[in-house]
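Working notes, beginning with the structure itself.
No lab work stands behind these numbers, since they all come straight from the coordinates. For clarity, every value in this text was computed on a predicted model and none was experimentally measured. Note that we place each Cβ from the backbone using ideal geometry, even for glycine, and neighbour counts take in every protein chain shown.
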Amino acid sequence: MFFSSQLVEAIKADHKKLRAEMNLLKETDIAQLDRQLCFGRFLPLLLSHTQREEKVVYSFMKAQDDENLNFMAYEGQTKHAIVDQLIEDMLSENLTNQEWSASAKVLADIVGQHLDEEENEVFPYLKRHLDSDTDAELFLRYESHYHDSDAFAYDEELVTESPRWS
């Protein structure tokens, strides 16, 4: 079924915000502090997005009787876990500036590839499993989880503390 999916459009809007910060994050020609500040803006956006995507979208995909859709959900979750580990490493105090900088570039590359894959492969396939009612329900759940996301508490921590990675 071909229609404009509210859910997919909301996720793409998140992707656009993430890409804006990612472009700065992987730019090695700008000052380290500027990239770290960018990371501080990028992280809550990314965490909110991945949490909502897993709770709403991937849960729906795994519940469908379609092996390809199930696999895409598990693959997405696995990539999220890899990104989570990289972020945890970047937040530790154990990285040198060069290690942090390299990790930031790898993080932006991995996330960028994941977003491209979702938009070019996953979303067109997912839309085949959505009707307008299911799309509207998933969209509302996705948007409602935005306000429940743990990322906002984390965001406050980033704003009130000095960066742990400097």
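Compute the long axis of helix 6-25 from its Cα atoms, compare it with the longest principal axis of the Cα atoms of the chain, and write down the angle in degrees, 0 to 90, nearest 10.
20
Compactness ratio of segment 67-153: Cα Rg over 2.2 N^0.38 Å, N = residue count?
1.36
Of Arg128, Arg19, Arg52, which has the largest mean-square fluctuation in a 10 Å C-alpha GNM of the chain?
Among Arg128, Arg19, Arg52, the largest mean-square fluctuation in the Gaussian network model of the chain belongs to Arg128.
Taking Cα atoms, how many degrees apart are the long axis of helix 151-160 and the longest axis of the chain, rounded to 10 and kept between 0 and 90?
Long axis of 151-160 versus the principal axis of the chain: about 20 degrees.
With unit charges on the beta carbons (Lys and Arg positive, Asp and Glu negative) and the dipole taken about the Cα centre of the chain, which residue among Leu45, Ala73, Ser132 sits farthest to the positive side?
Leu45
With axes computed from alpha carbons, what is the tilt in degrees of helix 132-148 against the longest principal axis of the chain, rounded to the nearest 10 within 0 to 90?
30
Let me spell out the model: positive unit charges on the Cβ of Lys and Arg, negative unit charges on the Cβ of Asp and Glu, origin at the Cα centre of segment 6-160. What dipole size does that give, in debye rounded to 20?
300
Given bins 10 angstrom wide, list per bin the percent of all Cα-Cα distances in segment 1-102, short to long.
So the P(r) values, bin by bin, are 13, 38, 30, 15, 4, 0.
Quick one: net charge around Glu118, please, counting Lys, Arg +1 and Asp, Glu -1 for every other residue with C-beta under 14 Å from its C-beta.
-3
Quick check: pseudo-label points 7 Å beyond the Cα along Cα→Cβ at Glu143 and Arg19, how many nm apart are they?
My value for the distance between the label points is 2.2 nm.
Within a Cβ distance under 9 Å of Asp14, other residues only, what is the Lys/Arg minus Asp/Glu net charge?
With Lys, Arg at +1 and Asp, Glu at -1, the neighbours total +3.
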